[in-house]
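Taking it in order: structure first as structure tokens, then the write-up.
Just so it is clear, none of the values below were taken in a lab; they were calculated from the coordinates. Just so it is clear, the model here is predicted, and its values are computed rather than measured. Virtual Cβ from ideal backbone geometry, glycine too; neighbours counted across all protein chains shown.
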Amino acid sequence: MNKPPFNPWYPLPPQQPPAPEVVRPLLAGGIFSYYQPAPQPEPLGISKLFEMLPPITIRRRIFVSYQHNSDQAYYDQFSRVFHDDYEHIFDNSLERRIDSDNTDYVSQRIRDNHIDRTSCTIVLVGTTAYQRKYLDWEIKATLDKEHGLIGIQLPTVPVNFNNMVTVLDRLSTNIRSGYAVWLHWNHLVENPTTLAQAIEAALARDKKLIVTPKEIKKRNG
């Protein structure tokens, strides 16, 4: 008797699942492949660990020297803009209240309480900055410690017909020698990162360029 032709709607006959295949690995290679421990990650060396760490930003400690009576507003703005970028921005208003003509005593107080704890001094050069004895003493203390020195010309400073401004002799001498860095306030306003670059440049200057005139300013004016 002929079998009927297969039609797609007929139920398929039940099928037995295939018998599981018995795996019989070779003794040497098989046992090794079944019992070999999972590969472990390669331990990181010290250099690799340092490469994975986030970059460390150095927060420099700076001291700001300026004339309080005329340039306080510029100091306040400077402090607001750069407060988070530097560990300390010192203002030695209390030291300036020491009405003493003993330059050695006041200079020692400036060095011990302010300059020693910083790496760079920033002088805000305003209209009467060249007349102020405290600025001269703070600059001298900075140079004695071989710290960085930066002068920032404020917009209020008069410019003569030679396009030059009047600054303290101690600062001017070290600008000319190539030790002190000279900036204009507008550069900081346009690009605040200029200050960080100037500080690093000031710290990298050759200490042999430092010029320290012996004459110290003993009175204002």
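Please state the Cα pair-distance histogram of the stretch 61-209 with 10 angstrom bins from zero: what percent is in each bin?
11, 45, 37, 7, 0
Lys and Arg at +1, Asp and Glu at -1: add these up for the other residues within a Cβ distance under 15 Å of TRP185 and post the number. Spell out each step's value before the answer.
Values: positive: ARG80; negative: ASP71, ASP76, GLU190.
Here the count lands on -2.
Arrange the peptides 109-118, 128-137 so that the one whose residues have, on average, the most other Cβ atoms within 10 Å appears first. Show your work: numbers first, answer last.
Details: 109-118: 17.6, 128-137: 21.1.
Final packing ranking: 128-137, 109-118.
So between TYR105 and ARG80, what do we pick up on full extension, going 0.36 nm a residue minus the alpha carbon distance? Please list the in-between numbers first.
Numbers: separation 25, 0.36 × 25 = 9.00 nm, distance 3.16 nm.
Computed gain between TYR105 and ARG80 is 5.8 nm.
Which residues' amide hydrogens lie under 5 Å from the amide hydrogen of SER65, considering only partners 5 or more residues apart or on another chain, with H built in the peptide plane?
For SER65, whose amide H was placed from the backbone, the distant partners under 5 Å are ILE122, VAL123, LEU124.
Taking the stretch 131-221, how many lysine pairs are there with alpha carbons less than 21 Å apart, if each pair must be eight or more places apart or span two chains?
Pairs that pass both the separation and distance tests number 14.
At 0.36 nm per residue, minus the direct Cα-Cα distance, what do ALA201 and VAL189 gain on full extension? Give it in nm, one decimal, please. Numbers along the way, then the final one.
On the way: separation 12, 0.36 × 12 = 4.32 nm, distance 1.89 nm.
Difference between extended and current length: 2.4 nm.
Counting only residues 5 or more places away or on other chains, whose amide H sits under 5 Å from the amide H of ALA180 once H atoms are built in the peptide plane?
Residues meeting the amide H criterion: ILE175.
Given axes a ≥ b ≥ c from the Cα gyration tensor, I'd like to know whether the stretch 123-209 is rounded (a/c under 1.5), prolate (a/b larger than b/c) or oblate.
oblate
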